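Asker: For reference, the structure I am asking about is given below.
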Amino acid sequence: MMKNNKWTAIILCALTGCLILAGCMNAGARVIPGAESTAQPDNSFMPGLDFGATAMPQTTATGMPEMFDWLQGRSDVEGKINMISEIRSSRVIVNGNTALVGVEFADEYQGEMTQRIHDMVAGEIQAADRNIRTVAVTAAEEDVRKINELADRIDAGESIDQLEGEIDAIVRNVTTVQ
């Protein structure tokens, strides 16, 4: 009887130790609300694509990142987003520190917008411009059509300030993942 209790105690101690170690291993993965993340997305599941290759924005003398020129650099960022296997095309509109991205899925992809796809798109946006705090991504057909129209109007010279209400409406849409 004594020998059986000894082994039970050893097994319980070992299991307790394993649970404690497992908890410690996950401590680094905790998200602290309000904390900024400087981590790059893990794209190791897609060999051959280096989403981290985007040049980091230059910083000013105060250490703040310089503003990214979205009028000039938008097509490069869209090209990188379009390299994501599920995405055929994308359009990006930036208003302040919010980016709105409309994506059309590749014909081969039969799924819908997922958090993983959002995170990959957001990673490309934030790699280009660290000032972006909110990335809203939608694949809803009507919203994507509207984003394309808005981007065309911006390209034609219309001020982003004139379009702010229309942009915000899409950002707040329930089909938009943030």
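The values are calculated or read from the model by the stated rules, or taken from the named source; none is laboratory data. Owing to the predicted nature of the structure, the values given are computational and were not obtained by experimental measurement. When we count neighbours, we look across all protein chains shown, and the Cβ atoms used for this are built from the backbone with ideal geometry, even at glycine.
Asker: Please enumerate the residues belonging to the stretch 65-81 that are of a type in the set (A, V, I, L, M, F, W, C) and modelled with pLDDT of 95 or more. Give the steps one after another, and end with the answer.
Answerer: Our first condition is that a residue be of a type in the set (A, V, I, L, M, F, W, C); within the stretch 65-81, this holds for 67-68, 70-71, 77, 81.
Once the filter is applied, which keeps residues that are of a type in the set (A, V, I, L, M, F, W, C) and modelled with pLDDT of 95 or more, the stretch 65-81 yields Val77, Ile81.
Asker: For the structure I just gave you, tell me whether Ile84 is in contact with a Phe, Trp or Tyr (Cβ under 9 Å, 6 or more places away or on another chain), at pLDDT 50 or above, surrounded by 10 or more Cβ atoms within 10 Å (Cβ to Cβ) and not charged (D, E, K, R). Let's see the steps before the verdict.
Answerer: Values: in contact with a Phe, Trp or Tyr (Cβ under 9 Å, 6 or more places away or on another chain): yes; at pLDDT 50 or above: yes; surrounded by 10 or more Cβ atoms within 10 Å (Cβ to Cβ): yes; not charged (D, E, K, R): yes.
Taking the combined requirement at face value, the residue satisfies it.
Asker: For Gly123, are the conditions met, namely being surrounded by fewer than 20 Cβ atoms within 10 Å (Cβ to Cβ) and either out of contact with any strand residue (DSSP E or B) (no Cβ under 6 Å at 6 or more places or on another chain) or on the phi > 0 side of the Ramachandran plot (or both)?
Answerer: No; evaluated as a whole, the condition is false for this residue.
Asker: Here's another thing I want to ask about it. Kindly evaluate Val174 against the criterion of being more than 22 Å from Asp69 (Cβ to Cβ) and either without any contact (Cβ under 8 Å) to a residue 24 or more places away in the chain or buried (at least 19 other Cβ atoms within 10 Å of the Cβ) (or both). Walk me through how you get there before you give the answer.
Answerer: Details: more than 22 Å from Asp69 (Cβ to Cβ): yes; either without any contact (Cβ under 8 Å) to a residue 24 or more places away in the chain or buried (at least 19 other Cβ atoms within 10 Å of the Cβ) (or both): yes.
Considered against the rule, which asks whether it is more than 22 Å from Asp69 (Cβ to Cβ) and either without any contact (Cβ under 8 Å) to a residue 24 or more places away in the chain or buried (at least 19 other Cβ atoms within 10 Å of the Cβ) (or both), Val174 comes out as yes.
Asker: Same structure, new question: If I filter the stretch 46-64 for residues that are β-branched (Val, Ile, Thr), modelled with pLDDT under 95 and in contact with a helix residue (DSSP H, G or I) (Cβ under 8 Å, 6 or more places away or on another chain), do I get at least one hit? Talk me through it step by step, then tell me what you get.
Answerer: Kept after step one, since they are β-branched (Val, Ile, Thr), are these residues of the stretch 46-64: 54, 59-60, 62.
Still in the list and also modelled with pLDDT under 95: 54, 59-60, 62.
If we keep only those that are in contact with a helix residue (DSSP H, G or I) (Cβ under 8 Å, 6 or more places away or on another chain) as well, we get 54.
Checked the stretch 46-64: at least one residue is β-branched (Val, Ile, Thr), modelled with pLDDT under 95 and in contact with a helix residue (DSSP H, G or I) (Cβ under 8 Å, 6 or more places away or on another chain).
Asker: Got a sec? Which of Val101, Val92 is closer than 19 Å to Val174 by Cβ and either at pLDDT 95 or above or hydroxyl-bearing (Ser, Thr, Tyr) (or both)?
Answerer: On the way: Val92 fails: closer than 19 Å to Val174 by Cβ.
Sole residue among the options that is closer than 19 Å to Val174 by Cβ and either at pLDDT 95 or above or hydroxyl-bearing (Ser, Thr, Tyr) (or both): Val101.
Asker: Quick one: what pairs do we get from the stretch 120-135, first residue in contact (Cβ under 8 Å) with a residue 12 or more places away in the chain, second assigned to a helix (DSSP H, G or I) and aromatic (Phe, Trp, Tyr), C-beta under 9 Å, 6+ apart or different chains?
Answerer: Within 9 Å, the pairs are Met120/Phe51; Gly123/Phe51; Glu124/Phe51; Ala127/Phe51; Ala128/Trp70; Asp129/Trp70.
Asker: May I pose another question? Please enumerate the residues belonging to the stretch 71-113 that are within 20 Å of Ala156 (Cβ to Cβ), of a type in the set (S, T, N, Q) and touching a residue at least 60 places away in the same chain (Cβ under 8 Å).
Answerer: Within the stretch 71-113, Asn95 is the sole residue that qualifies.
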